[in-house]
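The next block holds one structure in the form of structure tokens; read it before the comments.
The values are calculated or read from the model by the stated rules, or taken from the named source; none is laboratory data. Because the structure is predicted, anything quoted here is derived from the model rather than measured. Using ideal geometry, Cβ is built from the backbone for each residue, glycine included, and neighbour counts are taken over all protein chains shown. Just the protein is used for accessible areas: all its heavy atoms, side chains included, with ligands, DNA and RNA removed. Shrake-Rupley method; radii C 1.70, N 1.55, O 1.52, S 1.80 Å.
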Amino acid sequence: MKKLCFRRVGCVPAIGLGTWGIGGGYWSADTSRDVEWVEAIRYAVERGVRLIDTAEMYGGGHAEELVGRAVKGFPRDDLFIVTKVWPSHASYGEVLKAAERSAARLGTYIDLYLLHWPSDVVPICETVRAFEALVDRGVIRFFGVSNFSLRQLQEAEACAKRYEVAAVQNHYSLYNRRDEVDVLPYALANGVMYMAYTPLEKGAVARDRRLAEIGRKYGATPAQVALAWYMKRGVVPIPKAERREHIDEIAGAVGLELSEEDFAEIARWR
Ligand code: NAP
């Protein structure tokens, strides 16, 4: 399985599976399709997608439960499990409790624990202090932030005393390249793992005509070209998919190596 290496986390799977919508929605569980969802996640892992992104908010914790069921019995060291704490739980004590609950639902430790959104109420240093305590306790291996500007990321970094802020997860896609201005170059230059969420723009990128044209040369789909482009850029995309044909496409993107010319051509698109 292809990996991307970052100074602060080491080498991690180059692509992940998103789980927003699996097991319910915003703080509400849906158990009606559990068998299908567990099979979909397991299928992705078997096809080589070894990073899974979830959150306590997704289905009010049910997405984490389904991830836990899906990865049961799979060699743990081969997986990289990412989950997130909601800002309403950003205080020192709440972070500790939320992480324990997430780890219990997942049935395992958390590789990377992110603050899902900045908190308006709790100072970031308080949250980071709890993250450091969780590393000491072995509940999480690394921590990071999500939906943070460069200034906010640097504030978080300044709070970290014993460990580093290892990752940032932001919205990044070929249709949303805002982070190229500052967060992305900063992350790449400083060994921060950059995770791109909504990389397919909910499927719109998979219908892009220009990507289809480039993909024809490689026998690849537009979604695969986009995903390969992110990985070549040093970014870990986390597309969400539950249909088998989509999971096959995502897993297949890992083997796609774009030429320097095609990479540069796509980079120029605006
Ligand atoms: P996305 O990955 O851009 O798009 C997901 C949609 O694309 C699904 O409807 C999926 O269909 C479809 N799809 C997948 N592969 C496809 C393919 N090869 N061809 C055509 N369509 C395809 O959007 P997202 O779910 O918003 O983002 C991905 C993940 O990022 C989330 O699941 C979540 O884990 C994370 N995220 C994080 C935040 C944050 O605040 N940190 C915010 C948003 C998302 P099927 O499911 O039907 O297969």
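Restricting region 1-24 to residues that are within 16 Å of the ligand (Cβ to nearest atom) and open to solvent by 20 Å² or more (accessible area, probe 1.4 Å), which is nearest to Y230 (Cα to Cα)? This residue is W20. Within region 25-39, the set of residues being open to solvent by 70 Å² or more (accessible area, probe 1.4 Å) and either within 17 Å of Y230 (Cβ to Cβ) or under 18 Å from the mean Cα position of the chain (by Cα) (or both) comprises Y26 only.
Based on what the data block shows, is A220 open to solvent by 10 Å² or more (accessible area, probe 1.4 Å) and either within 14 Å of the ligand (Cβ to nearest atom) or touching a strand residue (DSSP E or B) at 6+ places or on another chain (Cβ under 8 Å) (or both)? Spell out how you get there, then give the answer.
Working: open to solvent by 10 Å² or more (accessible area, probe 1.4 Å): yes; either within 14 Å of the ligand (Cβ to nearest atom) or touching a strand residue (DSSP E or B) at 6+ places or on another chain (Cβ under 8 Å) (or both): yes.
Here the answer is yes, as A220 does meet what is asked.
Applying the set (1) free of Cβ contacts under 8 Å to residues at least 60 places away in the same chain; (2) surrounded by 24 or more Cβ atoms within 10 Å (Cβ to Cβ); (3) part of a helix (DSSP H, G or I) to R42 leaves exactly one unmet item: (2).
Here is a yes/no grid of residues against (1) open to solvent by less than 50 Å² (accessible area, probe 1.4 Å); (2) touching a Ser or Thr at 6+ places or on another chain (Cβ under 7 Å); (3) within 16 Å of the ligand (Cβ to nearest atom); (4) among the basic types (K, R):
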| position | (1), (2), (3), (4) |
| --- | --- |
| Q169 | yes, yes, yes, no |
| Y172 | yes, no, yes, no |
| A187 | yes, no, yes, no |
| A196 | yes, yes, yes, no |
| W229 | yes, no, yes, no |
| R244 | no, no, yes, yes |
| G255 | no, no, yes, no |
| S259 | yes, no, no, no |
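Criterion applied to T127, T198 was being on the phi > 0 side of the Ramachandran plot and either at pLDDT 95 or above or not hydroxyl-bearing (S, T, Y) (or both), and the one residue passing it is T198. Candidates in region 125-167 are the residues that are within 16 Å of the ligand (Cβ to nearest atom) and hydroxyl-bearing (S, T, Y); of these, the one that is surrounded by the most Cβ atoms within 10 Å (Cβ to Cβ) is T127. With respect to the conditions (1) more than 27 Å from K240 (Cβ to Cβ); (2) in contact with a Leu (Cβ under 7 Å, 6 or more places away or on another chain), V183 lacks only one, and its number is (1). Taking region 61-178 and the helices (runs of 4 or more DSSP H) fully enclosed by it, the elements with 1 or more residues that are over 23 Å from A29 (Cβ atoms) are at 92-106, 124-137, 150-159.
Tallying residues that are within 19 Å of the chain's Cα centre (by Cα) and either touching a residue at least 12 places away in the same chain (Cβ under 8 Å) or surrounded by 17 or more Cβ atoms within 10 Å (Cβ to Cβ) (or both) within region 70-94 yields 13.
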